[in-house]
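Right, one structure below, let's go through it.
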Amino acid sequence: MKQFLAVYMGSATDDLMKKWMAMDENTRKEKERVGIQAWGKWMEAHKKSIVVGGGPLGKTKKTDPSGIADIKNLMTGYTVVQVETHEEAARMFKEHPHFSIFPGASVEIMEVLPIPGQ
């Protein structure tokens with residue numbers, strides 16, 4: 001079995017989020033309720049493959065040789081799953097509530113590789 005990191009992608013400034021925020025509050029709250037419920041069902045349906053349930057991501061800082069800086073990126077959350085193949089991991093997220101209900105853009109799935117030499 002291999003592990004895969006799934007990163008939920010989205011932007012507070014893209015058209016999907018603008019449309020979401022333009023909804024009246026009652027409609028948006030109802031969609032949130034439905035989305036959270038669907039997300040829970042997705043987690044239950046895939047619980048045997050979920051290694052780390054993950055969660056939403058907050059503000060980002062970047063550290064490099066120049067120092068520390070506040071930055072923005074498109075990562076909004078993550079989950080770690082364990083399955084046989086990359087394709088199987090990707091299929092798990094097809095029609096995921098992150099983008100089928102909520103205004104998320106996509107889910108990017110990458111294999112967690114072993115550290116060389118270990």
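The values are calculated or read from the model by the stated rules, or taken from the named source; none is laboratory data. Fair warning: this is a prediction, and the values are worked out from it, not measured in the lab. Every residue, glycine among them, receives a Cβ derived from its backbone with ideal geometry; neighbour counts consider all protein chains shown. SASA here: full protein model, heavy atoms, side chains in, ligands and nucleic acids out. Shrake-Rupley method; radii C 1.70, N 1.55, O 1.52, S 1.80 Å.
Being in contact with a strand residue (DSSP E or B) (Cβ under 8 Å, 6 or more places away or on another chain) and part of a loop (DSSP other than H, G, I, E, B) is the filter here, so list the residues in region 60-81 that pass it.
Lys72, Asn73, Leu74
Rundown of residues vs (1) open to solvent by less than 60 Å² (accessible area, probe 1.4 Å); (2) farther than 16 Å from Met1 by Cβ, yes/no style:
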site: Ala45; (1), (2): no, yes
site: Gly55; (1), (2): yes, yes
site: Lys61; (1), (2): no, yes
site: Ile71; (1), (2): no, yes
site: Gly77; (1), (2): yes, yes
site: Val81; (1), (2): yes, no
site: His98; (1), (2): yes, yes
site: Pro114; (1), (2): no, no
site: Gly117; (1), (2): no, yes
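List every residue pair whose Cβ atoms sit under 7 Å apart, with the two residues 6 or more apart in sequence or on different chains, where the first one lies in region 12-29 and is of a type in the set (Val, Ile, Thr) and the second, anywhere, is open to solvent by less than 100 Å² (accessible area, probe 1.4 Å).
none
Which residues, counting only those in region 1-46, are under 17 Å from the mean Cα position of the chain (by Cα), in a helix (DSSP H, G or I) and among the small types (Gly, Ala, Ser)?
Gly35, Ala38, Gly40, Ala45
Look at region 30-56 and say how many of its residues are touching a strand residue (DSSP E or B) at 6+ places or on another chain (Cβ under 9 Å), among the aliphatic types (A, V, I, L, M) and in contact (Cβ under 8 Å) with a residue 24 or more places away in the chain.
3
Quick check: anything in region 82-100 touching a residue at least 12 places away in the same chain (Cβ under 8 Å), assigned to a strand (DSSP E or B) and touching a Leu at 6+ places or on another chain (Cβ under 9 Å)?
Checked region 82-100: no residue is touching a residue at least 12 places away in the same chain (Cβ under 8 Å), assigned to a strand (DSSP E or B) and touching a Leu at 6+ places or on another chain (Cβ under 9 Å).
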